[in-house]
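Asks: Quick one: the structure is below, and I'll ask about it shortly.
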Amino acid sequence: MTSLLTKAGLLAAAGLLLGACAQSPTGRSQMLLFSPQQMNQLGADSFNQMKQQEKLSKDARVNGYVSCVAQAVTAQVPSSYGISDWEVVVFDSKQVNAFALPGGKIGVYSGLLDVARNQDQLATVIGHELTHVLAQHSNERLSRSQITGLGLAAADIALGTSEYRAATMAALGLGVEVGIALPYGREQESEADRLGLALMARAGFNPAEAIPLWQNMGAAAGGKAPPELLSTHPSNANRIAELRAELATATPLYQQARAAGLTPQCKP
Ligand SMILES: [Zn+2]
């Protein structure tokens, strides 16, 4: 991990000099200082750490349900992304949360199932999380944190400090776990909503269920235990209106998928 981060830091510094501009799937310009291989390695390291620190669910029914939804959605990820192996883990926790990491890793907290109440709502969350990874949002955030904190980061990398590791995990979207809530940006959120909806619809999940999902999330936010997911995925008043508008694109994809025989029946 330490040597990887040292290399990553040096490359980030080189990237600063060379410039490393890319385009997101919606055409937004992005600064990406890390290679896909580096991101995959950071994702795999962070996922291992999560598996050590969180309690894994042993409930076969819950694991089967989450895997059923996740497999249907990941099957729609274009092969050009080069991810052949997906690892899906359910954490036994009251947290209302989920995440995806570079390298084909997906984590779902069992508490999410109180808010994502059917397969289509769960597919909404998984599609959203996957899009953050596919659109390289974590690379973008890590690159930005390298720029803003380069002096500090270089020293931290050299020492392999836990602060640096925490900052890396925060950039990967694991804010709650490391105590640093690093929210995705507004544009990243709307990109993840839009493309995530198309992804789940292509898998044969009903995109209209994204509306009640985010309504449930909003209702839970007013309760005693606000969803952890919202600390890294800030919502706003426009989200539901934008999702409704996006249904015009996603609904035909859903109908085509159903007509082609993609009719997932994952039972909670
Ligand atoms: Zn998000």
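Bear in mind these aren't lab numbers, they're just calculated from the coordinates by the rules spelled out. All values derive from a computational prediction rather than experimental measurement. Note that each Cβ is placed from the backbone with ideal geometry, even for glycine, and that neighbours are counted across all protein chains shown.
Asks: What distance in nm lies between label points placed 7 Å from Cα along the C-beta direction at R61 and R117?
Replies: Placing both labels 7 Å along Cα→Cβ, they lie 1.8 nm apart.
Asks: Moving on to the next point. Can you list the HN-Hα couplings for region 128-140, worked out from phi with the Karplus curve (6.51, -1.76, 1.60; θ = phi - 60°), rounded to whole Hz and with x for Gly and Pro?
Replies: Result, rounded to whole Hz: 5, 5, 4, 5, 4, 6, 4, 8, 6, 5, 6, 4, 4.
Asks: Now, a different point. If you average the alpha carbon positions of region 179-222 and of region 48-109, how far apart do those two centres end up, in angstrom?
Replies: Taking the Cα centre of each part, region 179-222 and region 48-109 sit 17 Å apart.
Asks: Looking only at region 189-223, which residues have a backbone nitrogen under 20 Å from a spot 7 Å from the Cα of M31 in the C-beta direction?
Replies: The answer is 189.
Asks: Taking R0 as 25 Å, what FRET efficiency do you get between A219 and R244 from their Cβ-Cβ distance, rounded to the nearest 0.05?
Replies: Step by step, r from the Cβ atoms, then E = 0.90.
Asks: How much length is gained if the chain between N236 and Q53 is pulled fully straight, taking 0.36 nm per residue apart and subtracting their Cα-Cα distance, in nm to one decimal?
Replies: Going from the current span to full extension adds 62.7 nm.
Asks: Please compute one quarter of the surface area of the Cα convex hull for region 196-268 and express it in square nanometres.
Replies: 5.5 nm²
Asks: Kirkwood hydrodynamic radius (Cα pairs, Å) of region 55-149?
Replies: Here the Kirkwood hydrodynamic radius works out to 14.0 Å.
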